[in-house]
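The values are calculated or read from the model by the stated rules, or taken from the named source; none is laboratory data. Computed from a predicted model, the values in this text were never measured in an experiment. Cβ coordinates were reconstructed from backbone atoms using ideal geometry, including for glycine residues, and neighbour counts include every protein chain displayed. Side chains included, ligands, DNA and RNA excluded: accessible areas come from the protein's heavy atoms. Shrake-Rupley method; radii C 1.70, N 1.55, O 1.52, S 1.80 Å.
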2 protein chains.
Amino acid sequence: MQTKVFLTEDEMPRQWYNLAADLPSPMQPPLGPDGNPISPEMLAPVFPMNLIEQEVSQERWIDIPEEILSILYRWRPTPLHRAYALEKALGTPARIYYKNESVSPPGSHKPNTAVAQAWYNKQFGIKKLTTETGAGQWGSALAFACSLIGLECKIFMVRISFDQKPFRKIMMQTWGGRCIPSPSNETQAGRDILAKIPDTPGSLGIAISEAIEAAVTDTTGETRYSLGSVLNHVMLHQTIIGLETKKQLEKINEKKVDVVVGCAGGGSNFAGLAFPFALDKINGAEIDIIPVEPSSCPTMTRAPYAYDHGDVAKMTPLLPMHTLGHEFIPPPIHAGGLRYHGMAPLVSQAIVEGLLTPQSIHQLECYESAVMFARTEGIIVAPETSHAVATAIREAKKAKEEGKEKVILFNLSGHGLMDLSGYDKYFAGELIDYALPDDVLAESLKSLEGLPKPPVNKTGKW
Amino acid sequence: MQTKVFLTEDEMPRQWYNLAADLPSPMQPPLGPDGNPISPEMLAPVFPMNLIEQEVSQERWIDIPEEILSILYRWRPTPLHRAYALEKALGTPARIYYKNESVSPPGSHKPNTAVAQAWYNKQFGIKKLTTETGAGQWGSALAFACSLIGLECKIFMVRISFDQKPFRKIMMQTWGGRCIPSPSNETQAGRDILAKIPDTPGSLGIAISEAIEAAVTDTTGETRYSLGSVLNHVMLHQTIIGLETKKQLEKINEKKVDVVVGCAGGGSNFAGLAFPFALDKINGAEIDIIPVEPSSCPTMTRAPYAYDHGDVAKMTPLLPMHTLGHEFIPPPIHAGGLRYHGMAPLVSQAIVEGLLTPQSIHQLECYESAVMFARTEGIIVAPETSHAVATAIREAKKAKEEGKEKVILFNLSGHGLMDLSGYDKYFAGELIDYALPDDVLAESLKSLEGLPKPPVNKTGKW
């Protein structure tokens, strides 16, 4: 029984899909500290102009340069698998498919945008990229991409992760990246924090501040900053996932998908798979498109759509998004990549427009589902990805109850070989579920007070 | 520029290739403690009869059951990559190809035989497999296979690795395998050692003894033992690697391979890629077929072809092979999978017959090459695989010196994401090269004294 659908390199998509072109209401712009929209020029010290153009583009289809494809060919097209063994174990009439992004050398979907960003920066004459990384997934992907394209790469890694996850640091180093613990002495932001709290464990917010500062203060003008999720151009680069998937489903004559699932932290792997299907939905198809988040960090399911900063230090522009407030401190669940207070503006607006139906899920159910998946389909997924697996399993069980032959598709965004300690704690019974209490949420949302509000849209939904 | 060659599942080989059918001289048989050949029946308590039949088969082609293929489809056919970026960095006229076995869920070639062995055992009515593992690569692969096929799996893991490499143990557990440190209290062999040396770090020899004992003493008769390398049927199952590769080369009209390289510890990944090309050599093609080993454990390049035990405790039959002596204690280099005193009898005999030209290489050159490979081709290889990478790079440099457009092929047997500490030590300058001194080798070879010698073959070479 054949279980996966390959594409040839010739069959790969030649364009990315930009959902911004098709949203019922126009995208809300990012705002500066004065509450006025940010102009592309204001972003120029941070990003190269070719990526800023993509960030604000309203074009539906954007050509993928052949040079980028030639690097993606190293591992793309990725396989689409039919989960026969999982279906059998569940006794479901549903047909379950998953797109396997774990086959990239760094082990996740992240290189899809890392390669594109590195290439556009190189084209623009940039010599060096800076970025931050939490658990290390994004930092590894950018180091990988910079290595293949020929850029220097400096990664500010949250100190506690730097100490606890030495293997990620070695990956970055093997690919030639310079990974330093944040806060560091290399930036004013870092020095300020270290002066106040010498033994701070660091945070993603601090690391973002350091990475942006390191880029904008380089007087050669040859350094820029790179972000692995949230932004429009990142979502764009990831749509190759969903576009390939559609071609693969076509190849096996699977005409209609009923449910599309992806886990969402900043939103990029979800958007990558889901946005091409959101276009079908805009055109009238009936599809449930489900971004899944941890119940402990319920950005999409319990937080408002509002203008907020992307980081704790308020270095970033104000972005229109679902947000728990930039001062939100997520509990230490193992899905590090899903512990973010905000959500990609494109994903957020698509939720408000009614295109997506977010769900949240607790971590014990995620690990239980991931173990079932490993023992049927054979792949040990990343803790983040386990949220998508668990939701697909929920949907397959629902299809069984309803006696419906649904087609369920999810994104296997990454493998868990670098994050096995979460499985260990799960087996040892050391994990617990955590639901964010209402009063903690209310307190966190106070950091939104005084910030501008997005205007009410045509549907009156925000 | 397209960089890899896919096959469809329909194009996959339907038969394994058995080199034993084509060796110029007949294979020497394994011998029992009395010096007489082992009969298939004597192996029956250890292995199921269907695998014993494969072990002694002289058939050239053996059908791959469709049920085994249907599991291999999860990740096979694996891609064949053209190493354009590495070629460019080397400035070589050689065309370098590598077969990427790292895309299997456990990350190496090992599941090719793990799945086949688990399936044949299940067919034979076996409920449970036992095995040993050193660094954990083989144990993970067998746990993975047993999980998908529905067998229990118990893995005796060398205690020092069990303690130092907790992630491998978690992988096995996630796939439902029971991984216990060896020596254990579960076998007489383990208890005996623990009584003598309570704080022993364990050894592969002890772990093999425990795994075999656990299989043969199970009074239900439903447990058997499984080995991940060395044996003929293991080499057989791995030939799918080379057979796929030949089809892929054919697809891109690459008619002639000049150099085939694989690292060799027990011999299975090397044999898997190389044996189908050895058949071409037997039929008159000019090919250099190179198994590579660490200079610190020079089984093929400095040790005799002799009868020896596969384990320290002399539980196994006497096998005809290149061997450093069963009491050889390899130095602690990082390529754990290449630290074995013996070599597969099929590989050993093919060396004696002049089909293969073994090389040895030091670890610093291996890591240097692996880092170059990571920064050009993007894949971080396993320490074992780095020996093949380094040798392919040597050959590509030689082709440059000679100005020859050679075709060089090597087996990328596994990724190094679970073995990054070796890279860390390399970057930190903590690794050294170690050449086995002549007197240490001579001392080790004394354990062969008194054992039977293989007869001189037709060529007079042994």
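Values computed for the structure shown
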{"read-out": "Scope segment B:199-209; condition closer than 14 Å to B:Gly134 by Cβ and surrounded by fewer than 21 Cβ atoms within 10 Å (Cβ to Cβ); matching residues", "value": "B:Pro201"}
{"read-out": "First in segment B:427-456 and open to solvent by 50 Å² or more (accessible area, probe 1.4 Å), second anywhere and in a helix (DSSP H, G or I) and among the hydrophobic types (A, V, I, L, M, F, W, C), Cβ under 7 Å, 6 or more apart", "value": "B:Asp433/B:Leu364"}
{"read-out": "Residue list for segment A:39-97, restricted to those being hydroxyl-bearing (Ser, Thr, Tyr) and touching a Phe, Trp or Tyr at 6+ places or on another chain (Cβ under 8 Å)", "value": "A:Tyr97"}
{"read-out": "Matching residues, segment A:45-64, being assigned to a loop (DSSP other than H, G, I, E, B) and surrounded by 14 or more Cβ atoms within 10 Å (Cβ to Cβ)", "value": "A:Pro45, A:Val46, A:Phe47, A:Pro48, A:Val56, A:Ser57, A:Glu59, A:Arg60, A:Ile64"}
{"read-out": "Enumeration of residues in segment B:159-172 that are at the interface with another protein chain (Cβ under 7 Å from one of its Cβ atoms) and in contact (Cβ under 8 Å) with a residue 40 or more places away in the chain", "value": "B:Phe167, B:Met171"}
{"read-out": "Test: residue in segment B:330-347 that is surrounded by fewer than 23 Cβ atoms within 10 Å (Cβ to Cβ), modelled with pLDDT of 95 or more and under 23 Å from B:Leu445 (Cβ atoms)", "value": "no"}
{"read-out": "Qualifying residue in segment B:126-137 (condition: acidic (Asp, Glu) and surrounded by fewer than 24 Cβ atoms within 10 Å (Cβ to Cβ))", "value": "no"}
{"read-out": "Qualifying positions in segment A:1-37 - part of a loop (DSSP other than H, G, I, E, B), open to solvent by 20 Å² or more (accessible area, probe 1.4 Å) and within 14 Å of chain B (Cβ to nearest Cβ)", "value": "A:Met1, A:Gln2, A:Phe6, A:Thr8, A:Arg14"}
{"read-out": "Test set (1) within 14 Å of chain A (Cβ to nearest Cβ); (2) open to solvent by 30 Å² or more (accessible area, probe 1.4 Å); (3) more than 24 Å from A:Ser108 (Cβ to Cβ) - B:Ser421 fails condition number", "value": "(3)"}
{"read-out": "Selection from segment A:142-158 of residues that are more than 18 Å from the chain's Cα centre (by Cα) and either within 14 Å of chain B (Cβ to nearest Cβ) or under 14 Å from A:Phe47 (Cβ atoms) (or both)", "value": "A:Cys146, A:Ser147, A:Leu148, A:Ile149, A:Gly150, A:Leu151, A:Glu152, A:Cys153"}
{"read-out": "Matching entry among A:Gly134, A:Gly125, A:Gly139 (being closer than 23 Å to A:Pro105 by Cβ and modelled with pLDDT of 95 or more)", "value": "A:Gly139"}
{"read-out": "Checklist (1) open to solvent by 50 Å² or more (accessible area, probe 1.4 Å); (2) in a strand (DSSP E or B) applied to A:Met42, failing item", "value": "(2)"}
{"read-out": "Matching entry among B:Leu51, B:Leu43, B:Leu80, B:Leu86 (being within 14 Å of chain A (Cβ to nearest Cβ) and under 23 Å from the mean Cα position of the chain (by Cα))", "value": "B:Leu80"}
{"read-out": "From A:Thr299, A:Thr239, A:Thr245, residue being more than 30 Å from A:Ser209 (Cα to Cα) and among the β-branched types (Val, Ile, Thr)", "value": "A:Thr245"}
{"read-out": "Residue match in segment A:315-335 (condition: touching a residue at least 24 places away in the same chain (Cβ under 8 Å) and in a helix (DSSP H, G or I))", "value": "no"}
{"read-out": "Of the criteria (1) within 14 Å of chain B (Cβ to nearest Cβ); (2) open to solvent by 20 Å² or more (accessible area, probe 1.4 Å); (3) closer than 16 Å to A:Asn411 by Cα, which one A:Pro383 fails", "value": "(2)"}
{"read-out": "A:Ala264, sole failed condition from (1) within 17 Å of the chain's Cα centre (by Cα); (2) among the small types (Gly, Ala, Ser); (3) modelled with pLDDT under 95", "value": "(3)"}
{"read-out": "Residue match in segment A:90-101 (condition: within 28 Å of A:Met1 (Cβ to Cβ), surrounded by fewer than 18 Cβ atoms within 10 Å (Cβ to Cβ) and out of contact with any Asp or Glu (no Cβ under 9 Å at 6 or more places or on another chain))", "value": "yes"}
{"read-out": "Test for A:Ile71: is it assigned to a helix (DSSP H, G or I), touching a Leu at 6+ places or on another chain (Cβ under 9 Å), buried (at least 18 other Cβ atoms within 10 Å of the Cβ) and within 14 Å of chain B (Cβ to nearest Cβ)", "value": "yes"}
{"read-out": "Which numbered condition A:Trp175 misses (of (1) surrounded by fewer than 24 Cβ atoms within 10 Å (Cβ to Cβ); (2) within 14 Å of another protein chain (Cβ to nearest Cβ))", "value": "(1)"}
{"read-out": "Residue match in segment A:279-301 (condition: at pLDDT below 95 and hydrophobic (A, V, I, L, M, F, W, C))", "value": "yes"}
{"read-out": "Candidates A:Phe328, A:Phe373 - the one that is of a type in the set (Phe, Trp, Tyr), touching a helix residue (DSSP H, G or I) at 6+ places or on another chain (Cβ under 8 Å) and within 14 Å of A:Pro304 (Cα to Cα)", "value": "A:Phe328"}
{"read-out": "Members of segment A:114-141 that are within 13 Å of another protein chain (Cβ to nearest Cβ) and either touching a residue at least 60 places away in the same chain (Cβ under 8 Å) or over 21 Å from B:Ser421 (Cα atoms) (or both)", "value": "A:Ala114, A:Val115, A:Ala118, A:Gly136, A:Gln137, A:Ala141"}
{"read-out": "Subset of segment A:27-51 (residues that are touching a residue at least 40 places away in the same chain (Cβ under 8 Å) and either over 28 Å from A:Asp218 (Cα atoms) or in contact with a Leu (Cβ under 7 Å, 6 or more places away or on another chain) (or both))", "value": "A:Met27, A:Gln28, A:Pro30, A:Leu31, A:Ile38"}
